[in-house]
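**Q** Pasting a structure here, questions to come.
Rule-based calculations on the coordinates, nothing more; no lab input. From a predicted model like this one, the values you see are computed outputs, not experimental measurements. Cβ placement follows ideal geometry from the backbone for every residue including glycine, while neighbour counts extend to all protein chains displayed.
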Amino acid sequence: MSVRLRGRPDAGTVFIDTGSAPRVLHCGESLLEARLPVGARVVYPRPAIAPVPDAHEAIREAIENPLGCDPLPAQLRPGMRVTIAMDDISLPLPPMERPDVRQTALEVLLPILAGAGVDDIHLLVANSLHRKMTESEMRRAVGDDIHREFYPDRYYCHDAEDPQGLVTVGTTAHGERLRLSRRAGESDLLIYLNINLVPMDGGHKSVTVGLCDYESLRPHHEPQTILDSDGYMDPARSALSRKCERMGRLVDAALNVFHVETVLNNRMYPPELAFLARNEDDFDDRDRLKLRAARLALDRLPWSARRAFFQRLPAPYGLIGCWAGRTEPVHERTLARCFEQ
C-alpha cells in the first residue's frame, strides 16, 4: 500500500512503497501497468468539484453583476459593433461533452444583445497561430442553431497572417509591439469567452495571444521566456504571464473588453473510465475488470483506431464558476477557483 502525503489528503499525493499496486500509465494510444520504484511520488487529481446546478443561470448572474464595470446590458446600444471572441479547440482538452460551455455562454449572451437592438455581431475564434478549426469543430463548439445563424460570414477563425485584417494597438515600454484582429480592435465592444481549465490560460493572455499576429507572439513564445519562467502554471512566477500582462494593459487602455471567464472541474473521464483518475491502491474488483477490458480492447485495435477512440472521447466536465467584467478582477476570481480544483 502506498503512503499518502500527510497534511493534504485532498491533494492526492502518494509515495510508492513495497506493497503498492502497479500504476496505470498512458503510453501513446495504449494503457500499461508499471511497478514504480519505492519512494516514487505519484500525484493524483483532487476530487472533482460539483458543478453549478444551472450553467445558464450562473453565466447570466456573472454578466449582470460584473467586476469593475457596468452590467453588460447597460453597455449596449442599437447599431453598435460587437465581436464575441472565444477560445479555440485547444481548450478544453480533451473536448467536453455537448453542450460546450461556449454554446451555453452564447445562449445567454446573444438574446441580451438582440434585446438591446445590437445586430452587428461577429463570432471570432481566437486561434492565434494555431491551425484554423474545421467547420464541424466550429459547429460542435457553439451548437447547430448558432452555427447555422452565423457561419461562415459572421462566425469564422482569426487569420494571423492577413495584414489587412490586423490593426496595431500599441507598443509596451519593453518594445513589445501588439497587433490584433481588425474586427476585434475596431469593435465598440469586444466580449471574450474564456475556458479556464489550467491557470496558464485566461486573463490578459486571452486577447493578446488569441487574436494577435506572429510578431506580437514572438516576445513571449520563444526559448528565453521558458528559461525565465519557474512555471507556466503559476502566473506569479511566469515570464509568459508577465509579458502578456504588459501587452494586455495596452488592450485594456485602447479597447472596451468584457471578459466572461468560465472555470471547469477536472472530471476528464466518462463514468466507464473514471477509475483512471483514482489511486490504483483503491481499485475494487470492478475497476480492475474495467482496466483489463480496456487494455485488451485497445491492444486488439490498430493504432489509427486507438487514436480515434481517445480523440473522440468527450469529457464530462462541469462548470464550477463564472465571472465577468474587466480583465484583472475577473481573472483573480477565476484563478482562485482554478487553484481550488
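**Q** Can you classify segment 57-119 as rounded, prolate or oblate using the Cα gyration tensor, where a ≥ b ≥ c are the square roots of its eigenvalues, rounded means a/c under 1.5, and otherwise it's prolate if a/b beats b/c and oblate if not? Mind dumping the intermediate values first?
**A** Numbers: a/c = 2.18, a/b = 1.74, b/c = 1.25.
Judged from the Cα gyration tensor, segment 57-119 comes out prolate (a/c at least 1.5, a/b above b/c).
**Q** Another question, then. Out of all DSSP beta bridges with both ends in segment 1-142, state the antiparallel percent to the nearest 5.
**A** Details: 10 of 17 bridges.
The antiparallel fraction comes to roughly 60 percent.
**Q** Quick one: work out the % antiparallel among DSSP beta bridges in the chain, nearest 5.
**A** Details: 22 of 46 bridges.
About 50 percent, rounded to the nearest 5.
**Q** Sticking with this one: Which lysines have a Cα lying under 23 Å from the Cα of LYS132, excluding residues fewer than 8 positions away in the same chain?
**A** Filter leaves LYS205.
**Q** Tell me the mean residue ellipticity at 222 nm calculated for the chain from its helices only (DSSP H runs of n ≥ 4, each -39500 (n - 2.57), averaged over every residue, nearest 500). Write down the numbers at each step before the final one.
**A** Numbers: 13 runs with 119 residues, N = 341.
Taken over the chain, the calculation gives -10000 deg cm²/dmol.
**Q** Another question about this same structure. Out of these labelled values of percent of Cα pairs over 39 Å apart, (i) 37; (ii) 21; (iii) 10, which was calculated from the coordinates shown here?
**A** (ii)
**Q** I would also like to ask the following. Using only alpha carbon pairs under 8 Å that are at least six residues apart, calculate the relative contact order of the chain and give it in whole percent. Present the calculation step by step, with values, prior to reporting the outcome.
**A** Working: 619 pairs, mean separation 77.5, N = 341.
The normalised contact order for the chain reaches 23 percent.
**Q** Additional query: Let a ≥ b ≥ c be the square roots of the eigenvalues of the Cα gyration tensor of segment 79-184; is it rounded (a/c under 1.5), or, if not, prolate (a/b larger than b/c) or oblate?
**A** On the way: a/c = 1.98, a/b = 1.33, b/c = 1.49.
Oblate, because a/c is 1.5 or more while a/b does not exceed b/c.
**Q** At a 10 angstrom cut-off on C-beta neighbours, averaged per residue, how do the peptides 186-195, 104-113, 229-238 rank from highest to lowest? Can you show the working numbers first?
**A** On the way: 186-195: 22.9, 104-113: 20.3, 229-238: 15.3.
In descending order of packing, they fall as 186-195, 104-113, 229-238.
**Q** Rounded, prolate or oblate: which fits segment 116-235 when a ≥ b ≥ c are the square roots of the eigenvalues of the alpha-carbon gyration tensor, with rounded for a/c under 1.5 and prolate only if a/b beats b/c?
**A** prolate
**Q** Also: Quick one: what are the phi-derived ³J(HN,Hα) couplings along segment 191-203, Karplus 6.51/-1.76/1.60 with θ = phi - 60°, whole Hz, x for glycine and proline?
**A** So the Karplus estimates, Gly and Pro as x, are 9, 10, 9, 10, 10, 9, 10, 9, x, 6, 9, x, x Hz.
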